[in-house]
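Here's the structure we're looking at; comments come further down.
The values are calculated or read from the model by the stated rules, or taken from the named source; none is laboratory data. Everything numeric here is computed off the predicted structure, so don't read it as measured data. Positions of Cβ are generated from backbone atoms using ideal geometry, with glycine treated the same way; all protein chains shown enter the neighbour counts.
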């Protein structure tokens with residue numbers, strides 16, 4: 001089950017993770033009741049930690065992409081500066097024009 005979750009994470013199908021929830025819940029229940037051998041428990045722990053690292057890195061990457069997109073949006077607006085005569089002006093800020101097709 002944890003390997004299936006890992007495969008979903010690697011393939012980018014994070015919306016399909018919900019399908020592993022029931023199996024994960026069953027595994028947790030078995031662990032809670034002590035119905036798991038020590039070796040199997042260690043393998044599950046290692047897999048869960050691997051998946052957690054992957055999830056944490058994915059979340060960090062999504063946040064980085066969001067910050068990068070925000071930076072690009074800010075750059076599109078240009079920046080404020082002054083002319084040699086002290087007048088305010090916006091430098092850069094080329095904006096894409098919206099083309100409406102009929």
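Going by the structure shown, is residue 62 at pLDDT below 85 and either touching a helix residue (DSSP H, G or I) at 6+ places or on another chain (Cβ under 7 Å) or exposed (fewer than 14 other Cβ atoms within 10 Å of the Cβ) (or both)?
no
Residue count for the stretch 25-63 under the criterion of being touching a residue at least 40 places away in the same chain (Cβ under 8 Å) and farther than 17 Å from residue 1 by Cβ: the result is 1.
Per this entry, residue 86 is counted among residues that are outside any helix (DSSP H, G or I), farther than 30 Å from residue 20 by Cα and modelled with pLDDT of 75 or more. Restricting to the stretch 72-83, and then to whatever is surrounded by 10 or more Cβ atoms within 10 Å (Cβ to Cβ) and part of a helix (DSSP H, G or I), can you tell me which residue is modelled with the lowest pLDDT? This residue is 75. For the stretch 48-58, taking the residues that are over 14 Å from residue 10 (Cβ atoms) and surrounded by 11 or more Cβ atoms within 10 Å (Cβ to Cβ), the one that is modelled with the lowest pLDDT is identified as 48.
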